[in-house]
Amino acid sequence: CKPSPRGCALTAPVASVTMAPAAISLAQYEGKAAGMLAALTASIGVFRAATATTSFVQTPTVVGPAVPKASANLRAIVATAAPEAADATGTAPMQTWSAGMSAPVLVAGAALAGMAAACQQRQQRRQRRHADAVQMHATRTEWYRRAKRIGGDQAVFDVVVPKPMGIKLENFPQQFRKGMGVSQVVPGGNADTINRKVCIEDEPGMWVLEGDQLLAIDGTDCEDGTIQDVVDLVSNNGKDEVTLTLLRDTRKGPVKVVVMPDGAMETIRRGCRLSAAAEYAKGGELKYGCIDGWCGTCWHRERVTNMIFKPCCDVITEDWDNVMPLVIFPKPEKVGDSTFLNPRGAV
């Protein structure tokens, strides 16, 4: 270097460095790891030959620049590669150093250990994602098969409900729609108990949703009957339970939303915000850090599909098949900072 007003200035040219591409396939990654493993094996062979006649002492023998002490992970790697070089305590003799030990061996070993660990973690993540996808697909298929599909986004199914059923029936108010349907599932009633077992505890069978059309009682057609006809069929069936045959519009009918971990259940119409169910679960109005879900503080994940739902802005659309309840768990993510950045619509 030569003197300069600000100190010592380097005059030697700086070598150019070519960066490797950021994206690398798993096969290329494993190939590089295999190459480094071969280089490390060769270096260990040289080390064995160089140390065959060298006695190691407790005090490091350093010639020239000081060599850093090996880490516990690196000592384990060398002890595994050359077990005969370890002493009686199981500690590799690389605890002490002589002039014949090369620092690049340490670098190669550490790099190889890091690459091998990263490769194993990536493979494990892929296997977990594949297993989760298979499990989710099987669960959605199971829900789909719980009801008989008759076309036109309609499904027919049976629900066995003990007496008293705990539901309210009303005639449909639409002039173009005949018959009667479920207007309310009474909280704490037998139908509500079945709903909680099926929707929350994931027991087999189907459940009752507001808006379901009543087709039959114990196999007796009552689609065009009156509410009094239904009362007579239920009262005179001579059993402690009733089999309801129900028809559900799977794409236009309401959706049963279950907010966990409290298990609060609310029926939401299509086109309504998901925040209505969240506010019902919390028993009051909620305030959000943003209006488009970017801050991540209100994120929820659905139990079966693992999809992300944002109560602050998401709307219940026709995409959800209401044969399966929408069960969401709070999974907030720190995507944005609604405190310091003051996002659009912050309250």
query = Given the structure, is GLY151 in contact (Cβ under 8 Å) with a residue 24 or more places away in the chain and either open to solvent by less than 70 Å² (accessible area, probe 1.4 Å) or more than 21 Å from VAL323 (Cα to Cα) (or both)?
reply = no
task = Mind listing whichever residues of the range 192-218 are in contact (Cβ under 8 Å) with a residue 40 or more places away in the chain, under 18 Å from ASN171 (Cβ atoms) and among the β-branched types (Val, Ile, Thr)?
result = VAL208
key: strands (runs of 3 or more DSSP E) within the range 219-298 that include 1 or more residues surrounded by 15 or more Cβ atoms within 10 Å (Cβ to Cβ), touching a residue at least 60 places away in the same chain (Cβ under 8 Å) and of a type in the set (Lys, Arg)   = 241-249, 255-259
ask   = On the given criteria, is ARG301 more than 25 Å from MET206 (Cβ to Cβ), open to solvent by 40 Å² or more (accessible area, probe 1.4 Å) and touching a strand residue (DSSP E or B) at 6+ places or on another chain (Cβ under 7 Å)?
value = no
inquiry  = Against the condition farther than 21 Å from PRO254 by Cβ and touching a strand residue (DSSP E or B) at 6+ places or on another chain (Cβ under 6 Å), how does TRP320 come out, does it pass?
reply    = no
note = Going through (1) closer than 23 Å to ALA147 by Cβ; (2) of a type outside the set (A, V, I, L, M); (3) over 25 Å from the mean Cα position of the chain (by Cα) one by one, GLY283 fails only at (1)
message = Given (1) in contact with a strand residue (DSSP E or B) (Cβ under 8 Å, 6 or more places away or on another chain); (2) touching a residue at least 60 places away in the same chain (Cβ under 8 Å); (3) open to solvent by 70 Å² or more (accessible area, probe 1.4 Å), identify the lone condition not met by LYS168.
response = (2)
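If I filter the range 314-329 down to residues being more than 12 Å from LYS256 (Cβ to Cβ) and not in a strand (DSSP E or B), which single residue comes out as least open to solvent (accessible area, probe 1.4 Å)?
Of the residues in the range 314-329, the ones more than 12 Å from LYS256 (Cβ to Cβ) are 314-315, 317-319, 329.
Filter again for not in a strand (DSSP E or B), leaving 314, 317-319.
Working: ASP314: 40, THR317: 62, GLU318: 104, ASP319: 130 Å².
Ranking the qualifying residues of the range 314-329, first place goes to ASP314.
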message = Can you tell me which of (1) open to solvent by less than 60 Å² (accessible area, probe 1.4 Å); (2) out of contact with any Phe, Trp or Tyr (no Cβ under 6 Å at 6 or more places or on another chain); (3) not in a strand (DSSP E or B) is the one VAL198 doesn't meet?
response = (2)
task = Being touching a Leu at 6+ places or on another chain (Cβ under 6 Å) and within 17 Å of THR267 (Cβ to Cβ) narrows it down to one of LYS252, LYS256, so name that one.
result = LYS256
key: ILE200 within 29 Å of LEU326 (Cα to Cα) and either modelled with pLDDT of 95 or more or polar (S, T, N, Q) (or both)   = no
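The values are calculated or read from the model by the stated rules, or taken from the named source; none is laboratory data. All of these numbers come straight from a predicted model, not from anything done at the bench. Positions of Cβ are backbone-derived with ideal geometry, glycine not excepted, and every protein chain shown enters the neighbour counts. Keep in mind that these areas ignore ligands, DNA and RNA; they rest on the heavy atoms of the full protein, side chains included. Shrake-Rupley method; radii C 1.70, N 1.55, O 1.52, S 1.80 Å.
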